[in-house]
1. Hey, can you tell me all the residues within region 238-257 that are touching a helix residue (DSSP H, G or I) at 6+ places or on another chain (Cβ under 9 Å), over 10 Å from Ser196 (Cα atoms) and small (Gly, Ala, Ser)?
2. Only one residue in Phe252, Phe206, Phe279 is over 25 Å from Ala136 (Cα atoms), in contact (Cβ under 8 Å) with a residue 24 or more places away in the chain and of a type in the set (A, V, I, L, M, F, W, C). Which one?
3. When both residues are 6+ apart or on different chains and their Cβ atoms are under 9 Å apart, which pairs have a first residue that lies in region 26-45 and is closer than 23 Å to Ser155 by Cα and without any contact (Cβ under 8 Å) to a residue 12 or more places away in the chain, and a second that is in a helix (DSSP H, G or I) and acidic (Asp, Glu)?
4. For region 239-249, name all the residues that are surrounded by 13 or more Cβ atoms within 10 Å (Cβ to Cβ) and touching a residue at least 24 places away in the same chain (Cβ under 8 Å).
5. Does Ser173 count as in contact (Cβ under 8 Å) with a residue 12 or more places away in the chain, within 25 Å of Leu266 (Cα to Cα), touching a Lys or Arg at 6+ places or on another chain (Cβ under 7 Å) and not aromatic (Phe, Trp, Tyr)?
6. I need a count of the residues in region 195-219 that are buried (at least 23 other Cβ atoms within 10 Å of the Cβ), assigned to a helix (DSSP H, G or I) and among the hydrophobic types (A, V, I, L, M, F, W, C).
7. Got at least one residue in region 210-222 being without any contact (Cβ under 8 Å) to a residue 12 or more places away in the chain, polar (S, T, N, Q) and farther than 30 Å from Ser173 by Cα?
8. If you go through region 143-155, how many residues are closer than 12 Å to Leu183 by Cα and of a type in the set (Gly, Ala, Ser)?
Amino acid sequence: MSRAEAVRPGAPAAGARRAGAAGYAALFTSELALTFRRARTVVLLGILAALPVLIGTVVRVETGGRDGGGGGPAFIAQVTQNGLFLVFTALAVTLPVFLPMTVGVVAGDSIAGEASMGTLRYLLVAPAGRARLLAAKFSAALVYCLVATGVVAVSALATGAALFPLGEVTLLSGDSIGVGEALLRAVLVAGVVALSLAGLVAIGLFVSTLTGSGIAAMAATVVLVITVQILDSFPQLHAVQPFLFTHQWLSFSDLLRDPMHWDNVLENLGLQAVYVAVFGSAAWARFTSRDITV
């Protein structure tokens, strides 16, 4: 079912009584297609794909293909020894800034963008309902997190294979694992990174329900991410930092040990779940009671 069919005001009454799960699936599919058809989304994914290429090229030029013997950050030395480690390095570089900025743009524009284009009122005429529409937009934004993280990981893997040798990966704990297990860990790490952005999606969705300007919602969400990152860097705020949604974003590095350490990772995912519950509920309360006049 197309997006237009899913929300068409003149849809038959039988369509309005369709089972909730089927109706949600159709709406989710249409929202997903809309998200990835936007030129802005394609450009953002292109930028994310280019970042690992840039990182790998810089490392290759700076080291001249040496095995990291000249000092420098440990991640850089690992990349020069094994191209697979570029996946973890690229995720570590993009997670604090680039990934959340792109996710903030998509989530912040989800509701406010429809309002600014004048299509939100038309969408709400359909029997889909506000709660179902909000859930579909949240789910589509989560899928974008997975795709964006996957783009970074795949681009880094291809770049690392092209520029550096492949083989056993030396973990942060000093142990070595084979290529197959390293690839599985890369998939696991990418999944954790994507889920780490779930709290930001809920925050962006809530901000998007507060305004009718897509640009304002996107800007506010991105500024919030930057502000929280700054607050997380002040030692004087150590008492509140564990409650910031960005605080444990880099905990995925604990999965690059043998055995893997899950405490910080689970703490991070639990914190994201709390943010999803709190800001998802706030978005629902705001959106379902909002007077849509545009």
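The values are calculated or read from the model by the stated rules, or taken from the named source; none is laboratory data. Just so we're clear, the structure is a prediction, and the values are computed from it rather than from any experiment. Glycine gets a Cβ as well: all are built from the backbone with ideal geometry, and neighbour counts include every protein chain shown.
1. The one that is touching a helix residue (DSSP H, G or I) at 6+ places or on another chain (Cβ under 9 Å), over 10 Å from Ser196 (Cα atoms) and small (Gly, Ala, Ser): Ser253.
2. Phe252
3. Arg38/Asp109
4. Once the filter is applied, which keeps residues that are surrounded by 13 or more Cβ atoms within 10 Å (Cβ to Cβ) and touching a residue at least 24 places away in the same chain (Cβ under 8 Å), region 239-249 yields Phe245, Thr246, His247, Gln248, Trp249.
5. On the way: in contact (Cβ under 8 Å) with a residue 12 or more places away in the chain: yes; within 25 Å of Leu266 (Cα to Cα): yes; touching a Lys or Arg at 6+ places or on another chain (Cβ under 7 Å): yes; not aromatic (Phe, Trp, Tyr): yes.
In short, yes.
6. 9
7. For region 210-222, residues without any contact (Cβ under 8 Å) to a residue 12 or more places away in the chain, polar (S, T, N, Q) and farther than 30 Å from Ser173 by Cα: absent.
8. Start the filter on region 143-155 by keeping residues that are closer than 12 Å to Leu183 by Cα, which leaves 153-154.
Retained after the next criterion (residues that are of a type in the set (Gly, Ala, Ser)): 153.
Looking only at that region, the number is 1.
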